[in-house]
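This report refers to the structure that appears directly beneath it.
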Amino acid sequence: TGEGINSDIVQYSDAMDWDPTSRYLIYDAFHSVPQDSVTTFDYWAINMLDVGTYLESDSNDVLIFSFFPPQAEGIHMTNPAFSKTNSNYFVFDYIQEWQGEVYDYIYVLDWFNNEIPMIEYNGTSISYPRYSPDDKNIIFQRIVNDVSTLRKINMDNQDSPNGVSYDFISNVIAPVWFVI
């Protein structure tokens, strides 16, 4: 929504995460674009809110932008999470729907070098990936034989895995790292 502009395309958002400086809020948003009176083009996209533009502005101008343009039908970019030590990186799900199946890939966006390396193929499970507090690991969800497990992958740095993932914990969903 902007002054004089209203749009019902963005239906809702979820999977929000703050960058290490607490200036940027990254999230995914479900979009539904009417194609005609019956059908819609639906997709998930990753957006970012620059809270600093709101705090530094005398008006209500807030910078919100999408990282990727709308993809082909059945392609979604979702569940982003910032690196916990460096705002230049975030991990996310790249989902392809094809012939009634869902295929999930875990990618990292290296904003500084403009690269998007793949971390791991996650099969038909949506992963909801998250960095550990020191960025030395990424944990994510995988359903195996109807059992929700968390997988862990060691990282050489924020965008380079050191091997393949391994079982971390069983019978849990939606990983979240936190430090007290």
Out of everything in the range 35-53 that is at pLDDT below 85 and small (Gly, Ala, Ser), what residue ends up being surrounded by the fewest Cβ atoms within 10 Å (Cβ to Cβ)?
Ser37
Restricting to the range 120-134, count the residues that are within 13 Å of the chain's Cα centre (by Cα) and not in a loop (DSSP other than H, G, I, E, B).
2
Log entry, pairs with first residue in the range 116-143 being under 12 Å from Pro161 (Cα atoms), second being of a type in the set (A, V, I, L, M) and not in a strand (DSSP E or B), beta carbons closer than 7 Å, six or more apart or on different chains, reads Glu120/Val164
Within the range 16-34, can you find the residues that are at pLDDT below 85 and surrounded by fewer than 17 Cβ atoms within 10 Å (Cβ to Cβ)?
Ser32, Val33, Pro34
Would you please name the residue that is farthest from the chain's Cα centre (by Cα), looking only at residues in the range 55-72 that are surrounded by fewer than 10 Cβ atoms within 10 Å (Cβ to Cβ), modelled with pLDDT of 65 or more and assigned to a loop (DSSP other than H, G, I, E, B)?
Ala72
Take the range 133-160 and flag every residue that is open to solvent by less than 20 Å² (accessible area, probe 1.4 Å) and among the hydroxyl-bearing types (Ser, Thr, Tyr).
Ser148, Thr149
Within the range 97-132, can you find the residues that are open to solvent by 60 Å² or more (accessible area, probe 1.4 Å) and more than 16 Å from Arg142 (Cβ to Cβ)?
Glu97, Trp98, Gln99, Gly100, Trp111, Phe112, Asn113, Asn114, Glu115, Ile116
Is there any pair linking a residue in the range 76-87 that is open to solvent by less than 10 Å² (accessible area, probe 1.4 Å) to one that is of a type in the set (Lys, Arg), with Cβ under 8 Å and at least six apart or on different chains, and which?
Ala81/Arg130
In the range 135-174, residues that are of a type outside the set (Lys, Arg) and in a strand (DSSP E or B) total 23
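The values are calculated or read from the model by the stated rules, or taken from the named source; none is laboratory data. Keep in mind the model is a prediction, meaning the values are calculated, not measured. Cβ atoms come from the backbone with ideal geometry, glycine included; neighbour counts cover every protein chain shown. Surface accessibility is based on the protein's heavy atoms, side chains included, excluding ligands, DNA and RNA. Shrake-Rupley method; radii C 1.70, N 1.55, O 1.52, S 1.80 Å.
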